[in-house]
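**Q** Submitted below is the structure of interest, expressed as structure tokens.
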Amino acid sequence: MDYNDIDILFVEDNLDDAKLTIRALKKSGLANKLHHAKDGAESLDFIYCRGEYASRSKIRNVKLILLDLKMPKLSGIEVLATIKADPSTRSIPVVILTSSKEDPDIRECYDLGVNSYIVKPVESENFFHAIRDLGLYWMVLNEPNTGA
């Protein structure tokens, strides 16, 4: 896989949720340029071209980050805070995709600059439609901020 050609960074530690999300994105034709990171630390290594991703070029960063909150090593909130505090990554849209409806989580994510906060639907048909619509909006309809 060419890590320099990734459009979507999907960060999810639950493999069942990851499979469902990736399948929904594939059915929508949006998973060809997706990379799945299994925890927060791996996601930051990918974004900042560290560790196993050291050979990845920082010139072209991802277009969208789908980020779970409750993860090992670094939480989604810690990852979000890092991305939004850094001028070189601040403009990358970050969508929280989580099962947490807790008001403090929602408030903190928006305070940190998240672009959208989506609670995963439990029912699989609703989940598929939510992921499809999410992918189409951010990858097709949305005009990205091209300034860093």
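The values are calculated or read from the model by the stated rules, or taken from the named source; none is laboratory data. All of these numbers come straight from a predicted model, not from anything done at the bench. We place every Cβ from the backbone using ideal geometry, glycine too, and count neighbours over all the protein chains shown. Surface areas here come from the heavy atoms of the whole protein model, side chains and all, with no ligands, DNA or RNA. Shrake-Rupley method; radii C 1.70, N 1.55, O 1.52, S 1.80 Å.
**Q** Looking at LEU112, LEU34, which is the one that is touching an Asp or Glu at 6+ places or on another chain (Cβ under 8 Å) and surrounded by 13 or more Cβ atoms within 10 Å (Cβ to Cβ)?
**A** Details: LEU112 fails: touching an Asp or Glu at 6+ places or on another chain (Cβ under 8 Å).
Exactly one of LEU112, LEU34 is touching an Asp or Glu at 6+ places or on another chain (Cβ under 8 Å) and surrounded by 13 or more Cβ atoms within 10 Å (Cβ to Cβ), namely LEU34.
**Q** Sticking with this structure for a sec: From (1) at pLDDT 85 or above; (2) assigned to a loop (DSSP other than H, G, I, E, B); (3) surrounded by 13 or more Cβ atoms within 10 Å (Cβ to Cβ), pick out the condition that doesn't hold for SER88.
**A** Here SER88 clears every test but (3).
To keep it simple, each residue is scored yes or no on (1) among the β-branched types (Val, Ile, Thr); (2) over 13 Å from the mean Cα position of the chain (by Cα).
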{"position": "SER28", "(1), (2)": "no, yes"}
{"position": "HIS36", "(1), (2)": "no, no"}
{"position": "VAL62", "(1), (2)": "yes, no"}
{"position": "LEU74", "(1), (2)": "no, yes"}
{"position": "PRO87", "(1), (2)": "no, yes"}
{"position": "ASP105", "(1), (2)": "no, yes"}
{"position": "ILE118", "(1), (2)": "yes, no"}
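**Q** Which residue out of ILE22, ILE8, ILE59 is over 27 Å from TYR110 (Cα atoms), at pLDDT below 90 and β-branched (Val, Ile, Thr)?
**A** ILE59
**Q** Just give me the residues in segment 7-21 being without any contact (Cβ under 8 Å) to a residue 40 or more places away in the chain, open to solvent by 20 Å² or more (accessible area, probe 1.4 Å) and within 20 Å of LEU44 (Cα to Cα), in sequence order. Step through it out loud before you land on a result.
**A** Within segment 7-21, the first condition is being without any contact (Cβ under 8 Å) to a residue 40 or more places away in the chain, and the residues that meet it are 15-16, 18-19.
Next, from what is left, pick out any that are open to solvent by 20 Å² or more (accessible area, probe 1.4 Å): 15-16, 19.
The one that is without any contact (Cβ under 8 Å) to a residue 40 or more places away in the chain, open to solvent by 20 Å² or more (accessible area, probe 1.4 Å) and within 20 Å of LEU44 (Cα to Cα): LEU15.
**Q** Give segment 71-85 a look and list any residue that's open to solvent by less than 40 Å² (accessible area, probe 1.4 Å) and either in contact with a Ser or Thr (Cβ under 9 Å, 6 or more places away or on another chain) or touching a residue at least 40 places away in the same chain (Cβ under 8 Å) (or both), or say none. Quick ask: steps written out before the conclusion?
**A** The initial filter retains those residues of segment 71-85 that are open to solvent by less than 40 Å² (accessible area, probe 1.4 Å), namely 71, 75-77, 79-81, 83-84.
MET71, GLY76, VAL79, ILE83 - these are the residues of segment 71-85 that are open to solvent by less than 40 Å² (accessible area, probe 1.4 Å) and either in contact with a Ser or Thr (Cβ under 9 Å, 6 or more places away or on another chain) or touching a residue at least 40 places away in the same chain (Cβ under 8 Å) (or both).
**Q** Quick check on my filter: what residues within segment 41-70 are open to solvent by less than 60 Å² (accessible area, probe 1.4 Å) and closer than 24 Å to TYR137 by Cβ?
**A** Residues satisfying the conditions are SER43, PHE46, ILE47, ASN61, VAL62, LEU64, ILE65, LEU66, LEU67, ASP68, LEU69.
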